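Below: the structure, in structure tokens.
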Amino acid sequence: MARKTLPLGALEIERAKAGNKPQHLFDGGGLFLLVATSGGKWWRFKYSHSGKSKTISFGTYPEISLAQAREKREEARKLLAAGVDPSTDRKAVKAAKIELLANSFECIAREWHKKMLGDSAWTADHADTIMTRMEKDMFPRIGGKPITEVTAKDIRTILDQVKERGAVDTARRCRTIASQVFVYAIGTDRAEYNIATSLSKHLPAVSKTRKHMSSITDPKELAPLLRAIDGYQGGFVAKSALQLLPLLFVRPGELRHMEWSEIDFEVAEWNIPAQKMKMKVAHLVPLSVRAIEILTALKPLTGNSKYVFPSTRSFDRCMSDNTINAAFRRMDFDGDTITGHGFRATARTILDEILGFRVDFIEHQLAHAVKDPNGRAYNRTAHLDERKKMMQLWADYLDGLKAGAKVLPFKQKAA
């Protein structure tokens, strides 16, 4: 008569110690606990299928309790009773999970994002903005779902949550992003329908009146803003970015993606590669004495990152696209008064109407499309000496405003 195996007890499992060779503590029905010579305890299930003896693992103790191990044993015995090999079933389940993960909304969205960036369809700044929106508003709710299981209700809930915090424009962009991800999934045979299209009228219509970026063009109003920036109590990296933005009047995304390797301290120039520019043309920014001072003070802090203004979370990424405007809000300057992009209009107006620089010098420094008398586009070094003088005078002018120098009146334009 076969000896009956007594069930294991919790105390027996706890007291089991490592020995010179592996120990097998049997619970019955094919389940046993393997106590390794290292002290680790592993649940095993021994069974026969198609005339072959096999063993599979149920995990480690105490991560898998005795009760849980017994449940797994009963599930395996039911499979055997139905003629299914538990090992084969486990592999099939694992493969299905991997396939679902590969077809999740987040996986496909990241794949689409990588392709768009690799095809140079986007600037680095735009790519960062898209990824930030997905990571903040979309992935937490639907990222892990297979894309074929994402419903219109899921997308609608995301849009409503974004809209409720007052970001209607961001909600519209989230719907557009979702739609583009579905289009990509359809094109790669992982979805059949673009459910985001049904929500095209879910959000309020866009106003047909274009709203320009808020800016300050009156020197009397600019002076207190410049002084507020110098007194900013936030992080030093953000403060340095705020100080450079009016001096350089580049697009905020171009500033955020500034890299130390692009700066030539000896000749006081910042060389921005074409792929980072909106017009896909390399750009050169002369650096004033004040700009060099700001960068020199910042380098000991962020010099180990490739970015001059890295993220507070990781030196491998540049600062968030919302950092600049959030800093203005912190200083009590709302979006109707100034935005990071608004300094471009500030410089454009004052350099022309007060300081009297040639418009083509200004436009060239703004990286706008400027052509010579023969209709050819200027290269990035065009009028460089004049632009260097202009940038230094502009920096001196801003310092004068902060110090309370007399504000020059706007010149009267010729009729």
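Listed residues GLY356, GLY340; which is on the phi > 0 side of the Ramachandran plot and either in contact with a Lys or Arg (Cβ under 9 Å, 6 or more places away or on another chain) or assigned to a helix (DSSP H, G or I) (or both)?
GLY356
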Given the conditions (1) hydrophobic (A, V, I, L, M, F, W, C); (2) within 26 Å of the chain's Cα centre (by Cα); (3) assigned to a helix (DSSP H, G or I), every one holds for VAL281 apart from (3)
Against the conditions (1) in a helix (DSSP H, G or I); (2) at pLDDT 85 or above, where does GLU266 fall short? Just the number, please.
(1)
Boolean, SER288 is assigned by TED's automatic domain parsing to the domain that holds LEU247, of a type in the set (Gly, Ala, Ser) and more than 19 Å from GLY253 (Cβ to Cβ)
yes
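Residue by residue, here is whether (1) assigned to a loop (DSSP other than H, G, I, E, B); (2) modelled with pLDDT under 90 holds:
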| position | (1), (2) |
| --- | --- |
| ALA191 | yes, yes |
| SER198 | no, yes |
| LEU203 | yes, yes |
| LYS211 | yes, yes |
| SER215 | yes, yes |
| LEU225 | no, yes |
| TYR232 | yes, yes |
| VAL237 | no, no |
| LEU245 | no, no |
From the residues in the range 246-270 that are loosely packed, with under 15 Cβ neighbours inside 10 Å and free of Cβ contacts under 8 Å to residues at least 40 places away in the same chain, which one is farthest from THR302 (Cα to Cα)?
VAL267
Does any residue of the range 296-316 turn out to be assigned to a loop (DSSP other than H, G, I, E, B), of a type in the set (A, V, I, L, M) and under 16 Å from PHE249 (Cβ atoms)?
no
Turns out the strands (runs of 3 or more DSSP E) fully within the range 1-85 with at least 3 residues that are charged (D, E, K, R) and in contact (Cβ under 8 Å) with a residue 12 or more places away in the chain are 41-49
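The values are calculated or read from the model by the stated rules, or taken from the named source; none is laboratory data. Being a predicted model, the structure only gives us computed values, none of them experimental. Note: ideal-geometry Cβ built from the backbone for every residue, glycine included; neighbour counts use all protein chains shown.
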